Amino acid sequence: MSENCLFCKIAKGEIPSRKVYEDDDFLAFHDINPAAPVHLLLVPRKHIVSLEDVTAADAGWLGRMVSLVPRLASENGCSPGPEGGFRLVSNAGKDGGQEVAHLHFHILGGPRPWQARLATLAS
Ligand code: 5GP
Ligand code: ZN
């Protein structure tokens, strides 16, 4: 837990969120300002700032985090197959467009067109 970190507070339940998944290590919830019909945020409970801070030692939990993505996408409205699918985005640092300094994956999907905001998020 890092004090004053928004996603640490959401993970601890100190700030409400529309949760769709949680286990001992991860939490997924709806983005408060969705850029697509499906827009989830998947975060590790442990505080890590971004993918810039990841090393080979993180391969285990990071692999588990990635492996949750297709399940969360399909369970929350992303259609399967080549006519469906999803987009996975993780912004890192100022140049990466990161606003919340706690590692998170954006899982985006649903019928297009999506919002113009996505141009800054995931172009
Ligand atoms: P970033 O720009 O850091 O990659 O993305 C941060 C995301 O967090 C944004 O898409 C923003 O809408 C979302 N967000 C910011 N504050 C909150 C909040 O209090 N609750 C939820 N659910 N999402 C938030
Ligand atoms: Zn945090």
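Counting only helical runs of four or more DSSP H residues, what would the 222 nm mean residue ellipticity of the chain come to if each run contributes -39,500 (n - 2.57) and the total is spread over all its residues?
Value at 222 nm, helices only: -6500 deg cm²/dmol.
Which whole-Hz couplings ³J(HN,Hα) result when phi for each residue of segment 52-57 is put into the Karplus expression 6.51 cos²θ - 1.76 cosθ + 1.60, θ = phi - 60°, listed in order with x for Gly and Pro?
4, 9, 7, 10, 4, 5
List the lysines whose Cα lies under 24 Å from the Cα of LYS19, skipping any in the same chain that are fewer than 8 positions away.
Candidates past the 8-residue exclusion: LYS9, LYS46.
Can you check what the net charge comes to around PHE26, using other residues whose Cβ is under 15 Å from the Cβ of PHE26 (Lys, Arg +1; Asp, Glu -1)?
Result for the local shell: 0.
Amide H neighbours of TYR21 under 5 Å, counting only residues 5+ apart in sequence or on other chains, H built in-plane at 1.01 Å?
The answer is ALA28.
Taking the Cα centre of the chain as origin, work out the dipole magnitude from +1 charges on Lys and Arg Cβ and -1 charges on Asp and Glu Cβ, in debye rounded to 20.
Here the chain has a charge dipole of around 300 debye.
Taking θ = phi - 60°, what integer Hz values does the Karplus form 6.51 cos²θ - 1.76 cosθ + 1.60 yield along segment 59-66, in sequence order, with x for Gly and Pro?
Listing the rounded values in order: 4, x, 5, 5, x, 5, 5, 4 Hz.
I want the local charge near GLY96. Using Cβ-Cβ distances under 13 Å, sum +1 for each Lys or Arg and -1 for each Asp or Glu among the other residues.
On the way: positive: LYS94; negative: GLU52, ASP53, ASP95, GLU99.
Counting the neighbours of GLY96, the net charge comes to -3.
When N is the residue count of segment 6-122, what does its C-alpha Rg come to as a fraction of 2.2 N^0.38 Å?
Ratio of Rg to 2.2 N^0.38 Å for segment 6-122: 1.02.
Please give the net charge around ASP58, taking every other residue with its beta carbon less than 11 angstrom from that of ASP58, where Lys and Arg add +1 and Asp and Glu add -1.
Net charge in that neighbourhood comes out at +1.
All of the numbers you see were taken from the coordinates with simple rules; none came from a lab. The model shown is predicted, which means the values in this text are computed figures rather than measured ones. Using ideal geometry, Cβ is built from the backbone for each residue, glycine included, and neighbour counts are taken over all protein chains shown.
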